[in-house]
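Comments concern the structure below.
The values are calculated or read from the model by the stated rules, or taken from the named source; none is laboratory data. Bear in mind the structure is a predicted one, so any value in this text is a computation, not a measurement. With ideal geometry, Cβ positions are generated from the backbone for all residues, glycine too; neighbour counts draw on all protein chains shown. All accessible areas refer to the heavy atoms of the entire protein, side chains included, with ligands and DNA or RNA removed. Shrake-Rupley method; radii C 1.70, N 1.55, O 1.52, S 1.80 Å.
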Amino acid sequence: MYTPVLVLNANFEPIHVCTTRRAIGLILTGKASLVLNGRGEIKTVSISFPRPSVIRLDHMVHRPRAQVRLTKREILRRDDFTCQYCGQHATYLTIDHVVPRRLGGLHSWDNLVAACPSCNHHKGGRTIEQAHMHLLRFPAEPPTSASYLFARHVKTNDEWLPFVEGW
Ligand SMILES: [Zn+2]
């Protein structure tokens with residue numbers, strides 16, 4: 001009942017992921033329709049019901065475009081879990097301020113990168129120029145496309161891909 005279900009807006013824009021329980025509630029109260037089943041049936045004593053994978057709201061919901069939250073996890077995901085100095089795919093990565101805080105560096109998407117502990121330690125409180133280091137690519141705020149926002153879910157629910165692409 002807690003398997004994730006992709007929720008599409010009335011215009012088919014993917015907006016949200018909810019639980020199966022919530023999705024069935026939306027369908028039973030006439031607020032949403034089943035778009036993709038593909039997960040068999042839920043049987044109770046009295047009814048059997050298709051188990052939804054994708055549903056669509058019957059009425060358009062206006063909501064601001066989701067932003068990617070600035071968290072360590074999201075920075076690592078943006079940087080593909082790769083140290084942005086040496087390119088190492090480390091199991092443990094830290095977050096480095098490209099321009100150190102004490103030199104006025106901000107806690108922002110364009111000043112934070114994934115760094116392995118040894119690169120982070122080597123760079124210390126210096127700028128990349130002072131430390132003679134190079135960035136693999138310049139950091140920026142990640143895209144707010146649905147493909148990026150829902151990438152984690154699409155990995156485990158590949159039937160969602162056609163609904164997420166292009167938004
Ligand atoms: Zn490194």
Rounded to one decimal in nm, the spacing of the 7 Å Cα→Cβ label points at Gln130 and Thr156 is 4.3
Helical contribution to [θ] at 222 nm, DSSP H n ≥ 4, -39,500 (n - 2.57), averaged over the chain, rounded to 500: -5500 deg cm²/dmol
Which of Arg51, Arg63, Arg126 is most accessible, then next, and so on - probe 1.4 Å: Arg63, Arg126, Arg51
Modelled label-to-label distance, Asp58 and Glu141, 7 Å Cα→beta-carbon offset: nm? 3.7
Extended-chain gain in nm, criterion 0.36 nm per residue less alpha-carbon gap, Thr71 and Thr3: 22.0 nm
Between the alpha carbon centres of region 75-154 and region 1-71 the gap in Å comes to 35
Under 15 Å, Cβ to Cβ, from Ala10 - net charge with Lys/Arg +1 and Asp/Glu -1: +1
